[in-house]
1. Counting other beta carbons within 10 Å of each residue's own, what order do THR245, THR166 fall into, fewest first?
2. Report the full-extension gain for the segment SER285 to GLN235: residue separation times 0.36 nm, less the Cα-Cα distance, to one decimal in nm.
3. About its Cα centre, what dipole magnitude does region 279-343 give when the only charges are +1 on Lys and Arg Cβ and -1 on Asp and Glu Cβ, stated in debye to the nearest 20?
4. I'd like the GluC sites (Glu not before Pro) in region 225-296 restricted to DSSP loop residues with at most 16 other Cβ atoms within 10 Å, sorted by number.
5. Go from 0 up to the bin containing the longest alpha carbon distance in region 257-343, width 5 Å each, and give me the % of pairs per bin.
6. Need the C-alpha centroid separation for region 307-334 versus region 206-258, integer Å.
7. For ASP174 and ALA216, what is the calculated FRET efficiency with R₀ set at 30 Å and r taken between the beta-carbons, to the nearest 0.05?
8. Tell me whether region 169-242 comes out rounded, prolate or oblate; compute the Cα gyration tensor, take square roots of the eigenvalues as a ≥ b ≥ c, and use a/c under 1.5 as the rounded threshold.
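Here, each number is a calculation from the coordinates, and none is a lab measurement. Bear in mind that the values here come from a model prediction, so they are computed numbers and not experimental data. Don't worry about glycine lacking a Cβ; one is built from the backbone with ideal geometry, like all the others, and counts go over all protein chains shown.
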Amino acid sequence: MSGPMIPYIVAALAFLAIVGLGLVMTGGNNDAARKRAKAISTGRGGAQVKGGKVVDDGIRRRAKTQEMLDNLRKQDKERRRNDPMRNVGSKLTQAGLEIPVPMFWVLSAVCGLVCAGIVYISGADGLVINGMSLKSRPVLIGAAFFGGTLGIPQSILNFLIKGRHTKMVNQFADALDIIVRGVRSGLPLNECIRVIAKESPEPLRKEFLTFADNLAMGAGLERSLAALYKRLPLQEVNFFAIVLTIQSKAGGNLSEALHNLSTVIRSRKMMREKVKALSSEAKASAMIIGSLPIAVGVMVFMTTPDYIMELFRTETGHVILVLAAGMMGTGITVMRNMMNFDM
């Protein structure tokens, strides 16, 4: 072997010895290193190596969040099973009416008596269809009383609830923005809710004032949110309750979560308004088509009353009225379902 090659051979042997020594000293941690590299490559920067295993804080948080979402989903199913809309007391609360339930039933009975009195004064005798006589005045008066007691007050109550819920949805995104700005400036959540209760218009002010009072009396966040959702069974309030519950248990950036929720609620509102604008032509057409038979009947009665009264005097006319009412009801139901979009 020539002399000039000896230094190169010695250097190569020294390099191989160093590499082999390094492999021997780090061979036990190869699996952990590979797992760590894989975690870093997938973007899980919060992973830590403990006992040869990769422990990821993000994974634990996602698992805990999923568990809480499952629990909230079960609670929501339970709330839907016990629908608050079937409870008259809950309906009165949602409508913003501060009257006791017995007083509501008294007013409903008065409305029923008024309807029964109108039928009694009008002297209506009933209908005759296919030889079957329905001329019992007590039955008609009882039906008018029943409809006036349970039908008209409930319809008015549902109308008030719908209007109040619409106002609440329009104001809810602004309330979330107030909480976001307050949290970012360093205010606690309770103080932000107090600000909403003081400065917001109705019905948002009243509901958040009750929410803040429940928190101040030590009811706890979950119970207070459940009471808020019971008073306002809206999807937006449900989203708000889920965000606060997850943040209180799993942690996270509350201001960012509420800001994202506010953006979602505003997007839902814009989509709802867009759908309303696109379906306005169909609604106008349905209203015109639905009102045409009634308008034509009134005009015929004003011009030739004897001609139109045959529908109310003869058995054939009664049959025609019943068939017309059934067809009108079917048409209105079909058109309503065609224009109804759940958001």
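1. Working: THR245 19, THR166 11.
Placing the least packed residue first, the sequence is THR166, THR245.
2. On the way: separation 50, 0.36 × 50 = 18.00 nm, distance 3.05 nm.
Computed gain between SER285 and GLN235 is 15.0 nm.
3. So the dipole magnitude of region 279-343 works out to roughly 120 debye.
4. Details: sites: GLU236, GLU256, GLU273, GLU281; in loops: none.
When the GluC sites (Glu not before Pro) of region 225-296 are filtered for loop state and at most 16 Cβ neighbours within 10 Å, nothing remains.
5. Answer for region 257-343: a P(r) of 2, 12, 14, 15, 12, 10, 9, 7, 6, 4, 3, 3, 2, 1 percent.
6. 52 Å
7. On the way: r = 23 Å, r/R0 = 0.76.
About 0.85, to the nearest 0.05.
8. Details: a/c = 1.41, a/b = 1.12, b/c = 1.26.
Rounded, since a/c falls under 1.5.
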